[in-house]
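> Quick one: this structure, given as structure tokens, is what I'll be asking you about.
The values are calculated or read from the model by the stated rules, or taken from the named source; none is laboratory data. Worth saying up front: this structure is predicted, and the values here are computed from it rather than measured. Heads up, the Cβs are rebuilt from the backbone with ideal geometry, glycines too, and the neighbour counts pull from every protein chain shown. When the accessible area is computed, the model is the full protein with side chains, heavy atoms only, and any ligands, DNA or RNA have been set aside. Shrake-Rupley method; radii C 1.70, N 1.55, O 1.52, S 1.80 Å.
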Protein chains: 2
Amino acid sequence: MRIGRMEQNPIITTDHVKPSRPDFKVVGVFNAGVAAIHDEIILLLRVAEMPVETPGNNIAVPVLNGQDGTVVIRYLSKDDPRYNYEDSRVVKEQERYAYLTSMSHLRVARSKDGIRFEIDEQPSMFPMDGEEAWGIEDPRITQLGNQYYITYSAVSSKGVAVRLAVTEDFRRFERLGLILPPENKDVAIFPATIGGKYFMLHRPVPKSIGSPEMWIAESPDLIHWGNHRFLIGLRDESWDNGRIGGGAVPFLTDDGWLELYHGADMNDRYCMGAVLLDREDPGKVLARSRVPVLLPEADYERNGFFGGVVFSCGVLPMGQTVRMYYGAADEVMACADLSLEEIYRTF
Amino acid sequence: MRIGRMEQNPIITTDHVKPSRPDFKVVGVFNAGVAAIHDEIILLLRVAEMPVETPGNNIAVPVLNGQDGTVVIRYLSKDDPRYNYEDSRVVKEQERYAYLTSMSHLRVARSKDGIRFEIDEQPSMFPMDGEEAWGIEDPRITQLGNQYYITYSAVSSKGVAVRLAVTEDFRRFERLGLILPPENKDVAIFPATIGGKYFMLHRPVPKSIGSPEMWIAESPDLIHWGNHRFLIGLRDESWDNGRIGGGAVPFLTDDGWLELYHGADMNDRYCMGAVLLDREDPGKVLARSRVPVLLPEADYERNGFFGGVVFSCGVLPMGQTVRMYYGAADEVMACADLSLEEIYRTF
């Protein structure tokens, strides 16, 4: 399949982003939400930062003090037998996450042509309280009227939960509360009501029984959610047999709602695939990619902070093609144009 | 502390309950929801069943066929190295639940005096579809007007989720959908609106980060839930350092909402304790038990299908005392009268 990756890829790298404080460095700018407003394309970037220097044989982990909103740095010895540092993203203790190695905030970037972006010098949304103490991640933006609703992961020692915020201008942001308790991620709200209700995709991560798979839920008001239904699950022997979850915000085509979702295999290779949902009942699956739509093949997708990852949080539909923005290797932003025909050929 | 355990305890045992089919035996009748209707006390019992006979060196696990609603029995060899049978309640595979050893349904029992119960011969609510394929468990009943709302665990290979049902008469039950996705349990809806909203306690079980702890959420309509907030967590070196969750449906006292909750320690000893919540904002904790209100001390609490458990899903408030119904050792139902004064002494 011909994938129209932009020649300019990666379109945003860590060099383009100013750290939020002088003793921090930006280690990732990825998994951005996407919106069109007036004559601009907005990317709401996830910016991951780490302390510049780590004295001695240590790992530094940044954590927000939920009481006063300051970021404090803790040091863990690389020789401490309690900790496992194999995954560059996290410090594990007995297979569970004890710390994240970086802290993420959200930052606006603006563009006229959708390729060259000017990035704000300051964070747009920064972790604010105890439930965001380990960072805020992976925003997805849904336009409803002239409001832009943003779902994002709020990470803390209490777990990974889903919060909602809203903006009209991408300058002022209002938080609207926690819409799904831990452990949940990858929430994307549909950009229209269906039968008078709002819908969202979500991805619970259960502990004792079950796998990280996609569900759908309904709401009368975007704040309160119910009628949760299982949507699609892992497939053995497939590119998406490890974990799956919502990716881009779904968009309406002549054939139904098209959702570009991410699937990882057992080796943590993250690809993008597609699922087509019924226009009137998005809980009904019409088709699903047998093979990925996009695999991590380019150098900037295969190598980076966490290599072998393509991960989209948002698209711009453009008739028979769709412009997909995506994080590559948990480090940079890239962009590709896909034709609906190419996507349908994976079904 | 003097705990008024009933002399008649256990008030219901497995001998009192007719199996749902002749080739099944009842192995547990416990964790009942409680309601008062007209001149009767209702217990909505969790009834756990297993096949009577298991040929050869096997374990039998019952599972619902979600397509046609029949229960099928699978046989697992006790010698199969993939499985771990140490916990009598589950078959584990690599620390996760591969099967439950029993399947639960819900059954009504009726009483005039609250001690001697007549138990229906047939299940009142039986697992119905794929999302209940491993059973339905631990009902909690909240009266709102002349409607009785029932939250319960729906268990399947997709995880442990929370469903809602409603009845007016405990003869016909209507299912109202899945109100919390996996993994969640121990949901108790408050028996009154507060500031025009419904509230519930719930207990998410996150996988990567976080522990099984209590949260609170709000709803405009009982179906859709949001504004989730963390309520109380585990306490090191305490009787509730392993897992905690809602127990009885909370009730209003002069001092605030009183919730009798369960806490287990690292050795899986399940006790009941109390937490007092603000009358106007039940997300605000006023007091919490330093020591348990009730420990598994009686023989029928210490020994049974899963020994060392007292676990309440419902109470009848009676002025300055409260009658607590509770499952003992995951096998039988017991009852105890507690004075509010005794409970407050644990704060």
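> Which is farther than 22 Å from A:LYS18 by Cβ and more than 25 Å from the chain's Cα centre (by Cα), of A:ASN57, A:ASN65?
Checking each option against the conditions leaves just A:ASN57.
> For the range A:145-168, which residues satisfy the criterion of being open to solvent by 30 Å² or more (accessible area, probe 1.4 Å) and either away from every other protein chain (no Cβ under 11 Å) or polar (S, T, N, Q) (or both)?
Matches in the range A:145-168: A:GLY145, A:ASN146, A:GLN147, A:TYR149, A:SER157, A:GLU168.
> Now for a different question. Quickly run through the range B:70-110 and pick out the residues that are among the basic types (Lys, Arg) and either assigned to a strand (DSSP E or B) or touching a helix residue (DSSP H, G or I) at 6+ places or on another chain (Cβ under 6 Å) (or both).
B:ARG74, B:LYS92, B:ARG96, B:ARG107, B:ARG110
> Next up: If a residue must be over 27 Å from A:ILE179 (Cα atoms) and either in contact (Cβ under 8 Å) with a residue 60 or more places away in the chain or not in a strand (DSSP E or B) (or both), how many such residues does the range A:111-127 contain?
Within the range A:111-127, residues that are over 27 Å from A:ILE179 (Cα atoms) and either in contact (Cβ under 8 Å) with a residue 60 or more places away in the chain or not in a strand (DSSP E or B) (or both) number 10.
> For the structure I just gave you, tell me whether B:ALA248 is within 14 Å of chain A (Cβ to nearest Cβ) and closer than 19 Å to B:VAL187 by Cβ.
no
> Being closer than 27 Å to A:SER208 by Cβ, in contact with a Ser or Thr (Cβ under 6 Å, 6 or more places away or on another chain) and touching a residue at least 60 places away in the same chain (Cβ under 8 Å) is the filter here; which residues of the range B:139-196 pass it?
Of everything in the range B:139-196, those that are closer than 27 Å to A:SER208 by Cβ, in contact with a Ser or Thr (Cβ under 6 Å, 6 or more places away or on another chain) and touching a residue at least 60 places away in the same chain (Cβ under 8 Å) turn out to be B:ARG140, B:TYR149, B:LYS185, B:ILE189.
> Among B:GLU301, B:GLU237, which is out of contact with any Gly (no Cβ under 7 Å at 6 or more places or on another chain), outside any strand (DSSP E or B) and open to solvent by less than 10 Å² (accessible area, probe 1.4 Å)?
Answer to the check: B:GLU301.
> Pairs only if they're at least six apart or on different chains, beta carbon under 8 angstrom, first in the range A:319-339 and farther than 30 Å from A:GLU49 by Cβ, second aromatic (Phe, Trp, Tyr) and assigned to a strand (DSSP E or B); list them, first residue then second.
Between residues of the range A:319-339 that are farther than 30 Å from A:GLU49 by Cβ and residues that are aromatic (Phe, Trp, Tyr) and assigned to a strand (DSSP E or B), the close pairs are A:VAL322/A:PHE251.
> Let me ask another. In the range B:136-147, is there at least one residue being of a type in the set (Ser, Thr, Tyr) and either more than 16 Å from the chain's Cα centre (by Cα) or in a loop (DSSP other than H, G, I, E, B) (or both)?
Scanning the range B:136-147, I find no residue that is of a type in the set (Ser, Thr, Tyr) and either more than 16 Å from the chain's Cα centre (by Cα) or in a loop (DSSP other than H, G, I, E, B) (or both), so the answer is no.
> Now a separate question. What's the total number of residues in the range A:203-213 that are at the interface with chain B (Cβ under 7 Å from one of its Cβ atoms) and either part of a loop (DSSP other than H, G, I, E, B) or farther than 11 Å from A:GLU183 by Cβ (or both)?
5
> Looking at B:ARG116, B:ARG110, can you tell me which residue is closer than 15 Å to B:VAL332 by Cα, modelled with pLDDT of 90 or more and out of contact with any Ser or Thr (no Cβ under 7 Å at 6 or more places or on another chain)?
B:ARG116
> Also, I was wondering about something else. Anything in the range A:169-184 that is within 14 Å of chain B (Cβ to nearest Cβ), farther than 18 Å from A:GLU218 by Cα and not in a loop (DSSP other than H, G, I, E, B)? List them, or say none.
Matches in the range A:169-184: A:ARG175 only.
Residue by residue, here is whether (1) within 22 Å of A:VAL34 (Cα to Cα); (2) part of a strand (DSSP E or B) holds:
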residue	(1), (2)
A:HIS262	yes, yes
A:ALA287	no, yes
A:PRO292	yes, no
A:VAL310	yes, yes
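> While we're here: Among the candidates A:GLY135, A:GLY130, single out the residue that is within 14 Å of chain B (Cβ to nearest Cβ), within 19 Å of B:PRO206 (Cβ to Cβ), open to solvent by 10 Å² or more (accessible area, probe 1.4 Å) and in contact (Cβ under 8 Å) with a residue 24 or more places away in the chain.
Answer to the check: A:GLY130.
> Please give the number of the condition A:PHE251 fails out of (1) under 21 Å from B:LEU178 (Cβ atoms); (2) at pLDDT 95 or above.
(1)
> Here is a follow-up. Looking at the structure I just gave you, is B:SER111 within 30 Å of B:GLU7 (Cα to Cα), surrounded by fewer than 16 Cβ atoms within 10 Å (Cβ to Cβ), out of contact with any Leu (no Cβ under 7 Å at 6 or more places or on another chain) and small (Gly, Ala, Ser)?
Considered against the rule, which asks whether it is within 30 Å of B:GLU7 (Cα to Cα), surrounded by fewer than 16 Cβ atoms within 10 Å (Cβ to Cβ), out of contact with any Leu (no Cβ under 7 Å at 6 or more places or on another chain) and small (Gly, Ala, Ser), B:SER111 comes out as no.
> Which condition breaks for A:LYS284 when tested against (1) without any contact (Cβ under 8 Å) to a residue 40 or more places away in the chain; (2) buried (at least 16 other Cβ atoms within 10 Å of the Cβ)?
(2)
> Sticking with this one: Report, by residue number, each residue of the range A:237-276 that is under 14 Å from A:MET214 (Cα atoms) and small (Gly, Ala, Ser).
The answer is A:GLY242, A:GLY245, A:GLY246, A:GLY247, A:ALA248, A:GLY263, A:ALA264, A:GLY273, A:ALA274.
> Output the residues belonging to the range A:200-234 that are open to solvent by 30 Å² or more (accessible area, probe 1.4 Å) and in contact (Cβ under 8 Å) with a residue 40 or more places away in the chain.
Scanning the range A:200-234 gives A:ILE223, A:ARG229.
> Hey, among B:ARG89, B:ARG116, B:ARG46, B:ARG82, which residue is over 21 Å from B:TYR326 (Cα atoms) and of a type outside the set (Gly, Ala, Ser)?
B:ARG82
> Got at least one residue in the range B:52-69 being open to solvent by 20 Å² or more (accessible area, probe 1.4 Å), closer than 19 Å to B:VAL315 by Cβ and assigned to a strand (DSSP E or B)?
So far as the range B:52-69 goes, no, none of its residues is open to solvent by 20 Å² or more (accessible area, probe 1.4 Å), closer than 19 Å to B:VAL315 by Cβ and assigned to a strand (DSSP E or B).
> Can you name every residue in the range A:239-253 that is small (Gly, Ala, Ser) and touching a residue at least 40 places away in the same chain (Cβ under 8 Å)?
Scanning the range A:239-253 gives A:GLY245, A:GLY246, A:GLY247, A:ALA248.
> Exactly one condition in (1) assigned to a loop (DSSP other than H, G, I, E, B); (2) crowded, with 20+ Cβ neighbours inside 10 Å is false for B:ARG279; which is it?
(2)
> So, of the residues in the range A:186-199 that are small (Gly, Ala, Ser) and open to solvent by less than 40 Å² (accessible area, probe 1.4 Å), which turns out to be nearest to the other protein chains (Cβ to nearest Cβ)?
Among those that are small (Gly, Ala, Ser) and open to solvent by less than 40 Å² (accessible area, probe 1.4 Å), it is A:ALA188.
> Moving on. Say whether the condition of being in contact with a Gly (Cβ under 8 Å, 6 or more places away or on another chain), open to solvent by 20 Å² or more (accessible area, probe 1.4 Å) and either closer than 27 Å to B:THR142 by Cβ or without any contact (Cβ under 8 Å) to a residue 12 or more places away in the chain (or both) is met by at least one residue in the range B:21-43.
Yes; the residues of the range B:21-43 include at least one that is in contact with a Gly (Cβ under 8 Å, 6 or more places away or on another chain), open to solvent by 20 Å² or more (accessible area, probe 1.4 Å) and either closer than 27 Å to B:THR142 by Cβ or without any contact (Cβ under 8 Å) to a residue 12 or more places away in the chain (or both).
> If you go through the range A:214-229 one residue at a time, do you hit one that is of a type outside the set (Asp, Glu), within 26 Å of B:SER157 (Cβ to Cβ), part of a loop (DSSP other than H, G, I, E, B) and within 14 Å of another protein chain (Cβ to nearest Cβ)?
Looking for residues that are of a type outside the set (Asp, Glu), within 26 Å of B:SER157 (Cβ to Cβ), part of a loop (DSSP other than H, G, I, E, B) and within 14 Å of another protein chain (Cβ to nearest Cβ), one finds none in the range A:214-229, hence no.
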